Every structure is written in C-alpha cells, then in structure tokens.
1. Quick one: 3J(HN,Hα) in Hz for segment 10-19, Karplus 6.51/-1.76/1.60 with θ = phi - 60°, rounded, Gly and Pro as x.
2. Over the residues of the chain, compute the C-alpha Rg and express it relative to 2.2 N^0.38 Å.
3. Determine the gain in length on full extension of the stretch residue 31-residue 52; use 0.36 nm per residue of separation and subtract their C-alpha separation, reporting nm with one decimal.
4. How much net charge surrounds residue 48 when only the other residues with a Cβ under 12 Å from the Cβ of residue 48 are counted, with Lys and Arg +1 and Asp and Glu -1?
5. Antiparallel DSSP bridges in the chain: what percent, to the nearest 5?
6. Would you mind getting the accessible area per residue of the chain, heavy atoms of the protein chains only, 1.4 Å probe, in Å²?
7. How much accessible surface area, in Å² rounded to 10, belongs to the heavy atoms of residue 59 with a 1.4 Å probe?
8. Treating the beta-carbon of each Lys and Arg as +1 and of each Asp and Glu as -1, no other charges, what is the dipole magnitude of the chain about its Cα centre, to the nearest 20 debye?
Amino acid sequence: MKVNAKEMKWIREPKQYEVTEDKVEIITEPHTDLWQRTYYHFRNDNAPVLQLETGEQFFHLL
C-alpha cells in the first residue's frame, strides 16, 4: 500500500516531527504517553497520533 503523507491526520500534533516517504520521526514532549488501564488505575492519553484512513480491511506498511 502506497501512503501519501499529506492525507494523514494528526491528533495532538507534536511540536517536532518529520514525515518522509520512508520514515516517520516524532519527538514527543515529556510526560506524554498512551497508557490505558493499568492495575493501579493510571491512565495517560495525551501522546501524538498520526492516522491514516483506509478502506482496506487488512493492510500493512513496510
């Protein structure tokens, strides 16, 4: 599957990142994470996410 980086959308866009044809590099801020439901009830859902919409049921990127 060929990916067009301009069609991707950020949730919580990071201050520093680079998206090229063969690489996604994200420099996250301190204390950002996507931990969910630990045994001691810690939740942190504030990390950057780069999403791609696809109509394919199964796909992979190499």
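1. Karplus-based 3J(HN,Hα) across segment 10-19 equals 8, 10, 6, 4, x, 5, 10, 6, 9, 10 Hz.
2. 1.35
3. Extra length available between residue 31 and residue 52 comes to 5.1 nm.
4. -2
5. Numbers: 8 of 8 bridges.
Antiparallel bridges: around 100 percent, rounded to the nearest 5.
6. Numbers: 5880 Å² over 62 residues.
In whole numbers, the chain has 95 Å² accessible per residue.
7. Solvent-accessible area, nearest 10 Å²: 90 Å².
8. 200 debye
The values are calculated or read from the model by the stated rules, or taken from the named source; none is laboratory data. Source: prediction; values computed, not measured. Neighbour counts are summed over all protein chains in view; Cβ atoms, including those assigned to glycine, are modelled from backbone coordinates with ideal geometry. Note: areas computed on protein heavy atoms with side chains; ligands, DNA, RNA excluded. Shrake-Rupley method; radii C 1.70, N 1.55, O 1.52, S 1.80 Å.
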